[in-house]
Each structure stands twice: as structure tokens, then as C-alpha cells.
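To start, the structure under review is shown below, and the notes come after it.
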Amino acid sequence: MRLPKLASVFVFLGCLAAYLMFVKRHYDGVRPAISKIPPHFPHRLGLSGSPNRPTSSEVVSGRFQYGVMFDAGSTGTRIHVFKFQLEDNEAPKLAHETFRAIKPGLSAYADDPEKCKEGILELLAVAQGSIPSSVWSSTPLVLKATAGLRLLPGEKATHLLDRVREVFGESPFLSRVDSVSIMDGTDEGMSGPHPLVVSQNTSFPCRCFYYLGLGLMSARLAILGGIEGQPLEGSSTELVSPCLAPEYSGQWEHAEVLYTVKGQKAEPIYESCLRKVEKMLYRKVKKAGEAKDMEFYAFSYYYDRAVDLGAIDEKTGGTIKVSDYIDAAKRVCNGMAVTSGENPFLCLDLTYISGMLQELGFPKDKVFKLARKIDEVETSWALGATFHYIESLRIQ
């Protein structure tokens with residue numbers, strides 16, 4: 001009688017094992033995707049695109065997708081850590097942003113590129129503290145450099161970016177061959193040194209207008225009559241312009257070049273400066289077809305100059321009309337016949353802003369909202385660029 005009983009025990013255990021296997025497979029099949037971490041994600045990803053690189057579907061698996069964007073500008077480096085909420089058959093929606101900035105910019109280390117690593121590591125620590133460690137390896141890490149590096153001699157810029165690539169390659173985030181780059185005109189409409197105008201929709205990302213070379217510092221140089229890049233040996237770095245007070249003389253540094261800038265007598269000053277602005281903008285700007293009908297936000301130097309005028313509160317922002325910029329430009333420029341004021345470039349900046357808005361097709365009575373943030377998100381080109389980068393991973 002013992003043998004049949006022993007056999008029945010083995011049969012029972014076998015059935016139990018089969019049932020447990022079935023339950024496990026069923027559970028694995030229905031478990032939420034957010035809890036799964038692809039087993040072949042390496043802790044550290046190299047730059048050469050190894051066979052272990054995650055597929056695009058794995059990168060965006062789960063309910064949330066993170067993205068890290070470094071904005072390496074001429075005066076400082078900023079990190080944006082974006083958290084996107086993913087929904088079926090819908091575009092990702094921005095759920096949260098973490099922002100941090102440090103100074104100086106990468107170009108300050110042009111003669112000693114190894115020193116730039118410290119700042120990059122400091123900002124990477126912000127990203128690691130903002131993103132769950134379980135998704136570090138599936139979080140894209142990108143750095144886009146703007147004017148400061150773009151205007152350095154090629155070899156110096158390359159050495160700086162190589163140091164950044166080394167740091168990125170040793171980080172636990174998703175770093176690819178194209179993760180570190182200097183922005184150029186190929187990303188028009190998606191990225192640029194300064195977004196000029198943002199039209200606000202019901203969800204992000206927003207619709208943005210960007211123009212490379214038309215950030216405030218680059219525009220100043222062009223209006224003053226200078227040319228981007230290191231001057232030729234023996235060439236003059238003196239710039240004379242009707243957009244400065246007639247008796248003004250001073251120095252201005254841009255892209256590691258120290259210029260001597262002087263005003264010149266012109267009557268009336270505003271109209272003389274406006275002609276310089278219009279010449280600089282000729283055929284560089286396309287009119288925004290939605291200019292009359294949509295709600296627009298302006299930020300960056302549009303915001304800063306409105307603060308200088310006392311038109312808005314520095315912390316809370318406010319609203320301003322195109323005509324307000326025009327009237328302020330006329331008042332400041334024509335007032336320079338008496339005194340140059342505290343900001344020698346205020347006439348030039350305001351004339352450029354008002355001229356740019358009119359070139360974009362905005363009527364004089366158009367009202368803009370001026371803000372540092374929209375829906376608690378820092379306004380910058382980085383959001384659109386990060387969204388675009390993540391979308392490029394989805395379709396690969």
C-alpha cells in the first residue's frame with residue numbers, strides 16, 4: 001500500500017508545481033509595464049552604441065518617461081530634468097520639471113577643459129536626485145551648447161565637448177553618440193539660443209519660435225556692425241553705432257572678444273537705430289501666421305527689458321503691448337541725446353525687440369504675457385528640444 005501513496009504524493013507535487021508555473025506566467029504577462037526594467041540595460045552606457053543599447057520601445061516603456069537636457073550657454077550651464085506622463089495614443093504630457101543653473105559657462109574653461117567636469121558632475125547629481133534609480137539607464141541625457149562654444153576656435157570647443165562626453169559616458173543615464181553637440185541651423189524651429197515668442201496651448205509641449213543668431217547678444221553684435229567669430233589678426237575691434245549715446249565710449253565683451261564700442265551723432269536717434277535693426281533683420285525672420293489670433297507668451301530678454309522699464313514686476317511678470325516696447329524705445333533712444341543712462345545698450349535692445357515683433361507680424365496693439373514660468377515650468381527652448389529627442393527615440 002505504501003507505493004501507491006508515494007506515487008500520489010509525487011502526482012500532487014507535480015500538479016502544484018504546474019499550477020504555480022501557470023500563475024507566475026500569467027502574473028508576468030499582466031504586471032504593469034512600469035515595474036519592469038529590461039534585463040539587458042547596462043548600468044553604464046558607452047558612447048559607441050553597443051549591441052546592448054536599449055530599443056526605442058524600451059526607452060519609453062512605463063507610465064512616465066524622464067529626459068535630461070543640459071543648456072550650455074555663454075554665461076552658464078543649466079540643467080532641465082523633465083518628467084513626462086505617457087498615455088496611450090496621446091502625446092506625452094509634461095508632469096514636472098527640475099531646474100538648476102551654475103556659472104560660468106563651459107567656454108570659460110577653454111584653456112583648461114578638464115576643469116569643466118566638476119560643474120557637469122554637480123548638475124548630474126541633481127538629475128540623479130530627481131529621477132528614480134530604476135529608470136536611470138532608460139533616461140536620455142543630452143547637452144546642447146550655444147553661442148559661447150559655437151564661437152570658440154574649433155579645437156578648443158572639441159576638447160571641451162570631449163570632456164563632457166567622458167562624464168556622460170561614465171554616468172548611469174542613456175548617453176548616445178549624438179548626446180553632446182553644438183546647436184546649428186539644422187534644428188530651426190526646435191532649438192536655439194533664445195526662444196523669442198511662445199504660443200501657449202492647453203498642454204505642453206508648447207509651440208515655439210526660435211531663430212539662431214537672433215539671441216540678444218548676437219543681435220547686438222550684428223546691429224553694432226560686428227561679425228561673429230574671432231577677428232582676423234590686425235583687424236579692428238572698434239564698433240561705432242547710432243544706437244548708442246553720441247558721446248558714449250566703453251568696452252563690451254562677447255564670445256571672448258573685447259570690443260570698444262562708441263556712439264555717433266545721429267538725428268533722430270531712434271529712427272537711425274531702427275534702420276540698423278531693419279537692415280540686420282532683413283530676410284532673417286518669417287512672419288508668424290497665428291500672430292493675431294493666438295495667446296502668446298514672451299520671455300528671456302523680452303521679460304528682462306520690461307523689468308528694466310518698470311512695466312512688470314520682476315517676480316510675478318505681467319502683460320505688455322508691442323506698442324509699449326515701441327514707445328519705450330523712442331523715449332529711451334531720443335533721451336540719450338541728454339544722457340546715456342545706466343544701461344548703454346537699452347536703446348539698442350528695445351529697438352531690436354520692437355522691430356523683431358513687428359517683423360514677426362504682430363500688430364501694435366497685440367498683448368503679450370510675460371512670464372518666467374508657464375504652469376510652473378521654466379520657459380526655455382529645452383522643453384521642446386527634449387520632447388523632440390524623446391520622440392526621435394520612439395520612432396527609431
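A few remarks follow.
- Of Pro172, Pro205, all but one fail to be at pLDDT 95 or above, assigned to a loop (DSSP other than H, G, I, E, B) and open to solvent by less than 70 Å² (accessible area, probe 1.4 Å); the exception is Pro172.
- Residue that is most open to solvent (accessible area, probe 1.4 Å), among those in the stretch 330-348 that are within 17 Å of Gln251 (Cβ to Cβ), at pLDDT 85 or above and not in a helix (DSSP H, G or I): Asn343
- Taking the criterion of being among the hydrophobic types (A, V, I, L, M, F, W, C) and part of a loop (DSSP other than H, G, I, E, B), the residues of the stretch 294-314 that qualify are Met294, Phe299, Ala311, Ile312.
- Residue match in the stretch 69-81 (condition: aromatic (Phe, Trp, Tyr) and either open to solvent by 40 Å² or more (accessible area, probe 1.4 Å) or farther than 20 Å from Ser171 by Cβ (or both)): no
- Selection count where residues are open to solvent by 90 Å² or more (accessible area, probe 1.4 Å) and at pLDDT below 95, scope the stretch 259-277: 2
- Of all positions in the stretch 310-317, none carries a residue that is modelled with pLDDT of 95 or more and of a type in the set (S, T, N, Q).
The values are calculated or read from the model by the stated rules, or taken from the named source; none is laboratory data. Please read these numbers as outputs of a predicted model, since none were measured by experiment. For neighbour counting, all protein chains shown are included, and Cβ atoms are generated from backbone atoms with ideal geometry for every residue, glycine included. Areas reflect the complete protein model, heavy atoms only, side chains present, ligands, DNA and RNA absent. Shrake-Rupley method; radii C 1.70, N 1.55, O 1.52, S 1.80 Å.
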